[in-house]
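Beneath this line is the structure, given in C-alpha cells, with notes to follow.
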Amino acid sequence: MEFLYDFSRILLATCRDVLPIIILICVFQLLVLRQSIPHLGRLVVGGIYVVVGLALFLAGLEKALFPLGKIMAKQLSDPFFIYGTHDIITQADWKAYGWVYLFGAMIGFATTIAEPSLIAVAHKASQVSAGTITPWGLRITVAIGVAFGISLGTFRIVTGTPLYLYILVGYLVVIVQTIFAPKSIIALAYDSGGVTTSTVTVPLVAALGLGLAATVPGRNPALDGFGLIAFASLFPIISVMGYAQYTQWFNQRKSTLKNKVHGEQ
Amino acid sequence: MILSIILKKLRDAFTDLLPIIAVIAFFQIVVLRQPLPHLEEVLFGALLVVLGLSLFIQGLEMSLFPIGEAMAQALARKGSLFWLLSFAFALGFSTTVAEPALIAVAKEAAEIAGKGGIIDPSPESLKQYAFGIRMSVAFSVGLAILIGVIRILRGWPIHYLIIGGYVIVMLMTIIAPKEITGIAYDAGGVTTSTITVPLVAALGVGLASTIRGRNPLTDGFGLIAFASLLPMIFVMGYGLIVFN
C-alpha cells in the first residue's frame, strides 16, 4: 500500500517533467508547422513506456539502492570506521581514507553504467557512426572517467584543497587534448560530460560528498561538500578523447608496421 | 518471438544494473562486514529498476528519438530561422525551470549564502535568491540549446565555442565569490534530465542530417555540452550581480 503511494507520487512527478515537452511539441505542431503528428499512436504508446518505465526505475532505486548507498557512504566516512578509535581527530589523514576513494570510484563506475541518459546517447552515437562507436565501448569509457573523477573528488574533500585548481587543470588538459584528438569524436566527448550525471549518479554521489564534508575534521559541508558532480562531468570528456586518441595512435602504428613489412618484402 | 525479445530487453537491463549490485554487495559484505538489510525489499526494488529501465529504453526508440528528429526536420524544412530558434530556446528553458534537482540545488545555495552572511538571511530574501538562481540556470540552458542550434546551422567547429566558454569560466572563477563557485560548477551537471537528453540529442542529430554539408556525428552532438557549460557562467554571473 505504502509502495503504491510512493509509486504514484513518483509517477506524478515524472508526468510533470514530461508536461512542458508535450505542450511545446503540440503548440509547434498545431500552430507553427500546422500538420498532424505522424505515427501518433506509436508515439503515444512510446511516451507512456518512457514515463511509466522511468517512474518504475526511480521507485525501485528509491526503495532499494539509494537508502543502502547512502547508509554505506555514511558508514565509510564515519571517523570510527576510518581511524578505529573513538578519540576526537582534529587533523584529517588522507591516507586513512583508502576505502572511501575505492568506494567513490566503484560507485561512480557502476551508477554511470546504469544511467539511462548515457544509454540513450550511446545508442544514438552508435547509430550515427554506423557502428564505429559501440554503445558499450562509449559507456565503459565514460564510466571510467566518472570513476576517476569521483575518486579524485573525494580525495579533494578529504584534503580540503580548493576546487577551482582541479577544474582549471582539468580544463587545460581538455584544451590540449582537443588539439590532438580526432575531430569526429570531439562533440560527442564534450556531450558525454553532461549526460553522466543524472538520475542514478547525483543522489548517491551527493550523499557521499556531503557525508564526507560533514565528518572529515576541519571541513565545512557548505563549502566543501560540492564539486563531486563537476568532477564527474569533467573527467569523462578527458577519458573519451583519450580513448579516441589511443585508438587512432594504435591504428596508425598498425598500418605503419604493415607498410614496413610490405616494404621489406 | 515477442517473448524472446522481452526477455532480451530484461536481460540487457539486468546487465546494466549488475555493477551497482556488485559494488554494494562487495562493500557491505567484505569491507563493512554487515549483512544486507531488508533483503527482500532490495530485491523487489532491483526488479522494479530492471523492469523500468527496459520499458524506458523501449519507449525511447518509439517516441523520444523519432519525435526529436521529426521536429528538427520539419522545422528545418519550414525554413524559418525564428521558429527553429524559438523551439530550441523553449525546449531548454521549459524542461529546466521545473527540474526538481535544480530546485533542490537552488534552495541549498540560498541557505549557504544566507549562513555565509553574503545575503540577508530572511526567508523572503532567501526565496528570492533561490528563484534568481533557478531563472538564470533555466535561461542559460535555453540560450545554450539556441547557440548550439546556430552552431549546427553554420557548421562552426564546436571546440572554439567550448574552449572560449572554459576561458570565461576560469576568469569568472577568479572574481566570483567562493560561496557560489562550487554550486555554479555543480549546476552545470544537474540541469539536463533523463527525458531532455534523448530529445536534445535527437534534435541535434536530426538537424545535422537534414542540412546539407553537416555530419551527424561531428555536428549533431554538442548541444548537451553547451547546456552544461552555460549555466556555470550564468550562475557565477548572477552571484557577481547580487553580491556587488
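The values are calculated or read from the model by the stated rules, or taken from the named source; none is laboratory data. In this text, all values refer to a predicted model and were calculated from it rather than measured experimentally. When we count neighbours, we look across all protein chains shown, and the Cβ atoms used for this are built from the backbone with ideal geometry, even at glycine.
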| query | Looking at segment B:1-114, what helices (runs of 4 or more DSSP H) fall wholly within it and have at least 1 residues that are at the interface with chain A (Cβ under 9 Å from one of its Cβ atoms), within 19 Å of B:A227 (Cβ to Cβ) and touching a residue at least 40 places away in the same chain (Cβ under 8 Å)? | reply | B:65-78, B:81-97
| query | Which one is nearest to the other protein chains (Cβ to nearest Cβ) among residues in segment B:211-232 that are in a loop (DSSP other than H, G, I, E, B) and charged (D, E, K, R)? | reply | B:R214
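Listed here are the residues, each with its yes/no results for (1) facing another protein chain (nearest Cβ under 8 Å); (2) free of Cβ contacts under 8 Å to residues at least 60 places away in the same chain.
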{"residue": "A:T154", "(1), (2)": "no, no"}
{"residue": "A:L172", "(1), (2)": "no, yes"}
{"residue": "A:V176", "(1), (2)": "no, yes"}
{"residue": "A:I179", "(1), (2)": "no, yes"}
{"residue": "A:I186", "(1), (2)": "yes, yes"}
{"residue": "A:G194", "(1), (2)": "yes, yes"}
| said: I need the full set of residues from segment B:173-187 which are of a type outside the set (S, T, N, Q) and either outside the structural domain of B:A113 (by TED's automatic domain parsing) or under 20 Å from the mean Cα position of the chain (by Cα) (or both), in order please. | reply: B:I180, B:G182, B:I183, B:A184, B:Y185, B:D186, B:A187
| remark: Of the candidates A:F28, A:F3, the one satisfying the condition of being modelled with pLDDT of 80 or more and not assigned by TED's automatic domain parsing to the domain that holds A:T215 is A:F28
| Can we say B:A208 is crowded, with 23+ Cβ neighbours inside 10 Å, assigned to a helix (DSSP H, G or I) and facing another protein chain (nearest Cβ under 7 Å)? | no
| said: Is it the case, given these coordinates, that B:A144 is in contact with an Asp or Glu (Cβ under 6 Å, 6 or more places away or on another chain), assigned by TED's automatic domain parsing to the domain that holds B:M236 and either under 20 Å from A:P162 (Cβ atoms) or touching a residue at least 24 places away in the same chain (Cβ under 8 Å) (or both)? | reply: no
| query | So which of A:T201, A:T154, A:T196 ends up being over 30 Å from A:Y83 (Cβ atoms) and in contact with a helix residue (DSSP H, G or I) (Cβ under 7 Å, 6 or more places away or on another chain)? | reply | A:T196
| Across segment B:164-193, which residue is surrounded by the fewest Cβ atoms within 10 Å (Cβ to Cβ) among those that are within 7 Å of another protein chain (Cβ to nearest Cβ) and not in a helix (DSSP H, G or I)? | B:S193
| said: I'd like to check which helices (runs of 4 or more DSSP H) are fully inside segment A:156-265 and have at least 3 residues that are closer than 23 Å to B:K178 by Cβ. | reply: A:163-180, A:201-215, A:221-224, A:228-264
